[in-house]
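Single-structure report; data block below.
The values are calculated or read from the model by the stated rules, or taken from the named source; none is laboratory data. Just so we're clear, the structure is a prediction, and the values are computed from it rather than from any experiment. Neighbour counts run over all protein chains shown; Cβ positions are idealised from the backbone, glycine included.
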Amino acid sequence: MPTLAVELNGDEVHSISAPDQFTTTTPFSVELANRGRSTHVHLHLDDELDRVASLDAVNHYVEDESVKRVHVATADVERSVRGKLKVVTGYGSNTTYVDVRIDPPIDAGPDEVVVDERFSEPPDRPPSPPRSQRVVAVVDAAIQRGGVPALLVGLIAVGLGVAAAFAIDSVLVFLVVGAVLAVTLAATLLILS
């Protein structure tokens with residue numbers, strides 16, 4: 001949030017140090033930084049500024065060596081509005097004016113999203129390797145991870161299951177052997193991955 005910094009009691013009692021100008025496109029805050037004893041501050045927006053900006057309160061008490069922030073709400077404007085913010089301390093003994101300009105918000109552009117044409121097509125992917133290369137890669141990974149015993153047990157189980165199914169020649173045995181083979185194959189693949 002933009003901040004208009006105002007220093008109080010910096011050089012002497014009831015002194016006010018503020019910039020000559022302040023420009024914003026959004027609501028802002030007035031930072032009252034007291035460098036001395038506690039003081040009362042009155043803030044006032046002139047008629048032009050009061051049409052597009054507002055203060056929650058105009059009278060503020062700022063304690064010794066402290067900072068107080070005062071929020072200034074602003075309305076959206078179509079053209080720049082200029083006005084004065086009056087800062088008063090010491091019950092009117094010292095007054096400073098800041099020229100405030102509220103500009104229209106910066107145009108964010110249309111609400112459309114521009115998509116690069118390169119993203120309208122799926123990315124080029126290399127073709128998947130042939131099955132023989134994938135089998136070699138799985139075996140190589142099994143060897144590197146120490147999964148050779150699991151691979152051998154899985155192959156022996158598959159061989160025994162197929163042999164038993166053909167030897168007994170029963171539909172029920174084929175179903176049981178198929179289920180055992182599926183579980184064994186799934187366990188082997190889990191171990192290898």
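Table for the structure above
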item	result
Selection count where residues are in contact (Cβ under 8 Å) with a residue 12 or more places away in the chain and aliphatic (A, V, I, L, M), scope the stretch 160-176	3
Verdict on R125 being modelled with pLDDT of 75 or more and either out of contact with any Phe, Trp or Tyr (no Cβ under 7 Å at 6 or more places or on another chain) or at negative phi (or both)	no
Some residue of the stretch 17-25 being modelled with pLDDT of 90 or more, charged (D, E, K, R) and surrounded by 13 or more Cβ atoms within 10 Å (Cβ to Cβ)	no
